[in-house]
């Protein structure tokens, strides 16, 4: 079953220039809520000292003014990525006034939809578009769902890797190298979905939620105590059916097609261009205020939720699908990581070493097209793992047959050992094998997973979700207080903030088009 991946392990061992394995690029996007010291969502605006959320390259916001997003530049070195994330988070803490950063994916005390301040990006057309998009998300799915945080892992192989890979593959084609690269990334993306259940199992850290998150709605979740709902064997409720899902899109037939780049682009563009009667009821412009970017199934392509995305850096006003069509896939984005509640950064080195190894496995394993039957199997496996992943009696489905997580996960990690050894060798380290060994322990024993440890601590300390998350948030805050930035580092971030604010003002001063005209031209691809 894993013969192809094992053949690549042997072939990679014979490659003379091993630097192609050390030049992969890794980046992170970490979301984190600003909260008041009593655990409620911060009602304050995005701090001016952090710069412009519209134009700052590394510090922005996601759905809400309270939901920070930290972006690291891509790097070939995992410690460098984490150091930048640490420095940036440290600078953010230095600018917060009596607020802390929430330690978990699931939000804290939520006092209703109106307590969630919509992100604002100024008066430029680009800034207004981002805010209107978020207003539309609130109308379509509710604001509470939008303040769930996560960590996105961005990855690309080195340019020099591909000729070697295609030579081993004996890939003779009239297609351009970029077409072959995009084809290979889509093969990887399909396998990231097939084996995607492994991510919430190993790294899920949201087995419980604050009662306030459900806003009084009926639920099948159990009561942990008077303030907390949970599921006994859950790994990642964030990735389950109470998390961010495009349920309404699936009802009207929108499923991104990952069987080729062209299929993917066509499926998303179709959704962006197809009217939705339900969303037409929301209205487009009400009382002089735009309520959504359009009343189509998707306002823009990013509205479609997926655990993985093919990515290409976009030019100004360029749609993601247009960038992919023009220049192919540049990197992949894995979006299924919970915020690691036990680490101040929300993610640690061991996770990243594992994920880099996982990327090699998913690229080299057989990856046929995904048909409708397998799509349902993939979705079911992910949902079961999110809600019941640590249940020793749980069976996932592989090619229509039942298989346990312990058996399937053990097989995958067994094959991954060859890739981990290769990466250890070329990096002169044992980090990859050590990370794999730790994840193997979690596959063998569910009590070693972060979700199990979280519930265990809550029971031992008599805490609900809110008190656990508050305690961890305070601990992380104290850790950053002990690690001040140098004067040079602080100045770097202050300069970025100042520059970004100036860039936003320049955009606002130079805008001349009415917003409605700007929006029409954007969708007509005339900007």
Mind listing whichever residues of segment 60-80 are touching a helix residue (DSSP H, G or I) at 6+ places or on another chain (Cβ under 6 Å) and either free of Cβ contacts under 8 Å to residues at least 24 places away in the same chain or part of a loop (DSSP other than H, G, I, E, B) (or both)?
63, 72
Would you check which residues across segment 19-48 are surrounded by fewer than 16 Cβ atoms within 10 Å (Cβ to Cβ), touching a helix residue (DSSP H, G or I) at 6+ places or on another chain (Cβ under 9 Å) and at pLDDT 95 or above and list them?
19, 22, 23, 48
Which number in (1) within 24 Å of the chain's Cα centre (by Cα); (2) farther than 29 Å from residue 177 by Cα; (3) part of a helix (DSSP H, G or I) marks the one condition that residue 293 misses?
(3)
With the condition being under 21 Å from residue 298 (Cβ atoms), I'd like the helices (runs of 4 or more DSSP H) fully within segment 126-245 carrying at least 1 qualifying residues.
177-194
Matching residues in segment 474-514 (more than 17 Å from residue 95 (Cβ to Cβ) and in contact with a strand residue (DSSP E or B) (Cβ under 8 Å, 6 or more places away or on another chain)) number 1
Taking residue 83, is it under 19 Å from the mean Cα position of the chain (by Cα) and assigned to a helix (DSSP H, G or I)?
no
At pLDDT below 95 and at positive phi, is that true of residue 288?
yes
For residue 177, all conditions in the list (1) in contact (Cβ under 8 Å) with a residue 60 or more places away in the chain; (2) surrounded by fewer than 22 Cβ atoms within 10 Å (Cβ to Cβ); (3) touching a helix residue (DSSP H, G or I) at 6+ places or on another chain (Cβ under 7 Å) hold save one; what is the number of the exception?
(1)
Among the residues of segment 101-115, what is the count of those that are surrounded by 24 or more Cβ atoms within 10 Å (Cβ to Cβ) and over 22 Å from the mean Cα position of the chain (by Cα)?
0
If we ask which residues in segment 296-307 are buried (at least 18 other Cβ atoms within 10 Å of the Cβ) and either without any contact (Cβ under 8 Å) to a residue 24 or more places away in the chain or not in a loop (DSSP other than H, G, I, E, B) (or both), their number turns out to be 3
If you go through segment 361-383 one residue at a time, how many are surrounded by fewer than 22 Cβ atoms within 10 Å (Cβ to Cβ) and either under 25 Å from the mean Cα position of the chain (by Cα) or modelled with pLDDT under 95 (or both)?
15
Would you say residue 345 is in a helix (DSSP H, G or I) and either over 21 Å from residue 4 (Cβ atoms) or touching a residue at least 60 places away in the same chain (Cβ under 8 Å) (or both)?
no
Scan segment 308-332 for residues that are surrounded by 18 or more Cβ atoms within 10 Å (Cβ to Cβ) and not in a helix (DSSP H, G or I) and jot them down.
308, 309, 310, 311, 312, 319, 328, 329, 330, 331, 332
Has segment 360-372 got at least one residue that is farther than 15 Å from residue 5 by Cβ and assigned to a helix (DSSP H, G or I)?
yes
Test residue 57 against the stated conditions and say whether it is within 20 Å of the chain's Cα centre (by Cα), more than 29 Å from residue 435 (Cα to Cα) and either modelled with pLDDT of 95 or more or in a helix (DSSP H, G or I) (or both).
yes
Is there a residue in segment 101-110 that is in contact (Cβ under 8 Å) with a residue 12 or more places away in the chain and within 22 Å of residue 492 (Cα to Cα)?
yes
Checked against (1) touching a helix residue (DSSP H, G or I) at 6+ places or on another chain (Cβ under 8 Å); (2) surrounded by fewer than 18 Cβ atoms within 10 Å (Cβ to Cβ); (3) in contact (Cβ under 8 Å) with a residue 60 or more places away in the chain, residue 406 satisfies every condition except (3)
Restricting segment 264-282 to residues that are outside any helix (DSSP H, G or I) and in contact with a helix residue (DSSP H, G or I) (Cβ under 9 Å, 6 or more places away or on another chain), the residue that is surrounded by the most Cβ atoms within 10 Å (Cβ to Cβ)
276
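The values are calculated or read from the model by the stated rules, or taken from the named source; none is laboratory data. Keep in mind that this is a model prediction, so the values were computed, not measured. Note that we place each Cβ from the backbone using ideal geometry, even for glycine, and neighbour counts take in every protein chain shown.
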